[in-house]
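> The following block contains the structure, expressed as structure tokens.
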Amino acid sequence: MRTKHQLLIVAGSLLCGCVGASTSGGERPAPAGQVAVTTEAGTQFTGSPARIDIRVDHNGSASIELAIAGADSDNRTWSLQAALPSAALDSLVIEAQLVKGPLKAGDATVQLSSSGGDPVLASGGQLRARLQGGKIQGDVLGTTSNLAASFAGALAVTCAAPAAGAPTPPNGGAPVLVVDEKFETAACKPYAELARRTE
Amino acid sequence: MNTQRGMGMTTFKMTLLFVLGATIAALVPSYAEAAAWRTCNGSPVIWRGGTTVHRNRCSIADTGVVNSAYWNANGSWNRFNGVITSFLVNDASDCSISHGDGENEIGLVNRTAIDGANGMTILQLGLCFIGSNDIDEADVMIANDLNYNPVFGNFLGTTGRSTFVHEFGHFYGFDHEDAHAVMRTSPPHLVTGGFEPSTNWPSDTVGMSSVYGFAINGPNLLPSALGVIGASVGTLDANTTVAMCRNTSRTTRVYLGNSGNVASGTYNLRVRLSTTAPFAGYSGSTTVVSTFTHSLGAFTQGTFDLPFTVPSTLPNGTYFIYVDMDHTGSIAEILEGDNSTVSAMRVLVNC
């Protein structure tokens, strides 16, 4: 199909002398992936910015998770998730041991998954990363070559805290946290500077 | 001609409360961010008195996924106010879209014809001189290389179906807004769950309410496993599989919104685990792992971390995490079928 808009807009304007044309809605293609992962085996994955999610509970204790995920040209996903001690956000240095099971602070999991298939998890190794200038750069070491990788790219920080207006659990249930997008709550304010540096 | 943002900007009302010695901020789910539209002498540049559209049958057949995307897109806006009064079809031999002929044409085109964009809408506007200004013609063109198959609620990418909804927003006179909205400038697209995940959001419908008014009253609850994170759209939960033992807890993050013009009242909300992938998992066998009550005002939204605990009796397996709003069906909504979504995160239970 061929569009003839340039010519016809002009024609329309000439005919009635009362019409202006406006191009609206040029939705642009998606930007390139914002985090890049290259495995030791040489496969490249790209994805959304790495994420640090901070959750502050009613007692003021913060749990911190790091997540990175990227897809390759075959639609396989390489992903990393780590539970971080709060000191990691002070030093901006992340170190974690790779485990295959549930995560506790200082643990990380790295996995490779195909669409519809069970993931292949690293059973041992280390994660080392550094946060700097709103970006993250690091390595996964000591595991198989399809999981060991270097990664670098953009970083986004989120914070959630107890707040009014959240869904209410039944009596005795754990409270729901609300994502504070602007880091305005007392609980999330201390992380505003970290978030600002990642914008 | 100016561009205006209508209604209130995000209003996180902050009130400090002191409960049990802890400082808790009252972070009320916020009113939707503003929609944007052109103005002339202070009044919106919109359709007045209704209009018609002509489907380009040469590129949008009478059946199939592109046809259903077309109907979903115009319905996403027109259900709130029937600006489009007649849906006409051009002859199948007419394979061009002409501008300035007074006919609103909707069709697929080669991407190169729209400057490489996913979609483009060309509006013919009257000159802004005295008084208000109208849209005289709008031609919607969508790239013909997009995927039109419905996607899951955790899909992160570009779909022809969402591009259709986006371009029909321009048809109605709305401009881009980089909020949680279908009118965002660039993909990835925000999608909800259910069998038709491409839709508009409170930040979009608040604009409809402002400039056209709603011809229908009610709430419309819709969740999303995607959200605006920093400057881009991403999955709210990490796209990964997390290992969990029975009797342990974690959270799933989800966006909850009300795109209707009436407060929802108290509705029920649940998180459930299922080994069944979407789409079948939206209504398949399931284990409910947490329940909540909630309410959302008209055009409000928020993003929440919902806690859940893996039951002691749950068999080993890899589970999808589903979130259902109003699963009890107690709220009469403008649109049903968009109340469930699925997280990008899976849970591996083996201990």
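The values are calculated or read from the model by the stated rules, or taken from the named source; none is laboratory data. Everything numeric here is computed off the predicted structure, so don't read it as measured data. Neighbour counts run over all protein chains shown; Cβ positions are idealised from the backbone, glycine included. Just so you know, the surface numbers come from the protein's heavy atoms only, side chains and all, with ligands and any DNA or RNA stripped out. Shrake-Rupley method; radii C 1.70, N 1.55, O 1.52, S 1.80 Å.
> So what is the accessible area of chain B per residue, in Å², with the probe set to 1.4 Å? Working shown, then result.
On the way: 11570 Å² over 351 residues.
Computed with neighbouring chains in place, this is 33 Å² per residue.
> What length, rounded to one decimal in nm, is gained on full extension from residue A:192 through to residue A:141, with 0.36 nm per residue of separation minus their alpha-carbon distance? Write out the running numbers ahead of the final one.
Numbers: separation 51, 0.36 × 51 = 18.36 nm, distance 3.11 nm.
The residue A:192-residue A:141 span can extend by a further 15.2 nm.
> Also, I was wondering about something else. Using a 1.4 angstrom probe on heavy atoms only, work out the carbon and sulfur share of the accessible area of the range B:222-351 in %.
C and S atoms contribute 53 percent here.
> Further, regarding this structure: Once you put a point 7 Å from the Cα of residue B:68 and another 7 Å from the Cα of residue B:52, both along the Cβ direction, what distance in nm separates them?
In this crude label model, residue B:68 to residue B:52 measures out at 2.9 nm.
> How far apart, in nm, are the 7 Å Cα→Cβ label points at residue A:164 and residue A:97?
Going by the 7 Å Cα→Cβ label model, 4.6 nm.
> Between residue B:246 and residue B:61, what is the FRET efficiency for a Förster distance of 45 Å, r being their Cβ-Cβ separation, to the nearest 0.05? Don't jump to the answer; show the numbers that get you there.
Numbers: r = 51 Å, r/R0 = 1.12.
According to the calculation, E is roughly 0.35.
> Could you give the distance between the Cα centres of the range B:220-241 and the range A:68-129, to the whole Å?
The distance from the Cα centre of the range B:220-241 to that of the range A:68-129 comes to 19 Å.
> Follow-up question, since we're still on this one. What order do you get for A:185-191, B:230-236, B:129-135, A:45-51 when each peptide is scored by the mean count of other beta carbon atoms within 10 Å, highest first?
Values: A:185-191: 20.3, B:230-236: 22.0, B:129-135: 14.9, A:45-51: 23.9.
In descending order of packing, they fall as A:45-51, B:230-236, A:185-191, B:129-135.
> Hey, any idea what % of the range B:125-204's accessible area is carbon plus sulfur with a 1.4 Å probe? Don't skip to the end; give the middle numbers.
Numbers: 1140 of 2030 Å².
Ligands and nucleic acids excluded, carbon and sulfur give 56 percent.
> Would you mind getting me the FRET efficiency between residue A:184 and residue B:115? Use the beta-carbon distance for r and R0 = 35 Å, nearest 0.05. Could you put the intermediate results ahead of the total?
Values: r = 40 Å, r/R0 = 1.13.
The formula returns an efficiency of 0.35 here.
> Please list, in order, the residues from the range B:52-67 whose amide nitrogen is less than 15 Å from a point placed 7 Å along the Cα→Cβ vector of residue B:103.
Backbone N within reach: B:52-60.
> If you build a Gaussian network model of chain B, linking Cα atoms that sit under 10 Å apart, which residue out of B:307, B:44, B:150 swings the most?
B:307
> Return the loop-located trypsin sites (Lys or Arg not before Pro) in the range A:140-199 (DSSP other than H, G, I, E, B) with at most 16 other Cβ atoms within 10 Å of their own Cβ; answer none if there are none. Mind dumping the intermediate values first?
Working: sites: A:182, A:196, A:197; in loops: A:182, A:197.
Filter output for the range A:140-199: A:182, A:197.
> Please compute the per residue accessible area over the range A:118-199 with all protein chains in place, 1.4 Å probe, rounded to a whole number of Å².
Details: 3760 Å² over 82 residues.
About 46 Å² of surface per residue is accessible.
> Below 8 Å between Cα atoms, with a sequence gap of 6+, how large is the relative contact order for chain B in percent? Working shown, then result.
Numbers: 919 pairs, mean separation 59.1, N = 351.
About 17 percent, as a whole number.
> Rounded to the nearest 100 Å², what's the accessible area chains B and A bury against each other, both chains counted, probe 1.4 Å? If you can, show how the numbers build up before the last one.
Working: alone 14300 and 12300 Å², together 20910 Å².
That pair of chains buries around 5700 Å² in total.
> Sticking with this structure for a sec: Report for the range B:56-146 the percent antiparallel among DSSP-assigned beta bridges with both residues inside it, nearest 5. Can you show the working numbers first?
Details: 7 of 11 bridges.
The antiparallel fraction comes to roughly 65 percent.
> Cut-off 15 Å, label point 7 angstrom out along Cα-to-Cβ of residue B:318: give me the residues of the range B:252-290 whose amide nitrogen falls inside.
Residues passing the 15 Å test: B:274-278.
> Then there is this: Using 0.36 nm per residue of separation minus the Cα-Cα distance, give me the extension gain between residue B:215 and residue B:43 in nm, one decimal. Walk me through the numbers before you get to the answer.
Details: separation 172, 0.36 × 172 = 61.92 nm, distance 1.99 nm.
This chain segment gains 59.9 nm when fully extended.
> Just grab the label-to-label distance for residue B:91 and residue A:75, each label 7 Å out from Cα along the Cβ direction, in nm (one decimal).
That separation, rounded to one decimal, is 4.1 nm.
> Net charge around residue B:149, counting only other residues with Cβ within less than 12 Å of its Cβ (Lys, Arg = +1; Asp, Glu = -1)?
Numbers: positive: B:161; negative: B:196.
For residues surrounding residue B:149, the net value is 0.
> Residues with beta-carbon under 13 Å from that of residue A:105, excluding residue A:105: net charge, scoring Lys, Arg +1 and Asp, Glu -1? If you can, show how the numbers build up before the last one.
Numbers: positive: A:55, A:104; negative: A:65, A:95, A:107.
Neighbour charge sum, excluding residue A:105 itself: -1.
> Given a Förster distance of 45 angstrom, what is the FRET efficiency for residue B:266 paired with residue B:350, based on the Cβ-Cβ distance and rounded to 0.05?
Values: r = 37 Å, r/R0 = 0.83.
Efficiency for this residue pair is about 0.75.
> A further question on this structure: What is the antiparallel percent of DSSP beta bridges lying wholly in the range B:105-153, to the nearest 5?
Values: 7 of 11 bridges.
Among the beta bridges of the range B:105-153, antiparallel pairing accounts for roughly 65 percent.
> Another question, if that's okay. Determine the distance separating the Cα centre of the range A:32-67 from the Cα centre of the range A:159-181; give it in Å without decimals.
Their Cα centres are 23 Å away from one another.
> Enter the mean number of other protein chain beta carbons within 10 Å of the beta carbon of each residue in B:117-128, as an integer. Write down the numbers at each step before the final one.
Values: counts 6, 6, 3, 7, 6, 10, 7, 10, 6, 4, 5, 1.
Per residue, the number of nearby Cβ atoms from other chains is 6 on average.
> Name the residues of the range B:297-315 whose accessible area falls by at least 40 Å² when all protein chains are present instead of the chain alone, probe 1.4 Å?
Residues losing area: B:303, B:304, B:305, B:307.
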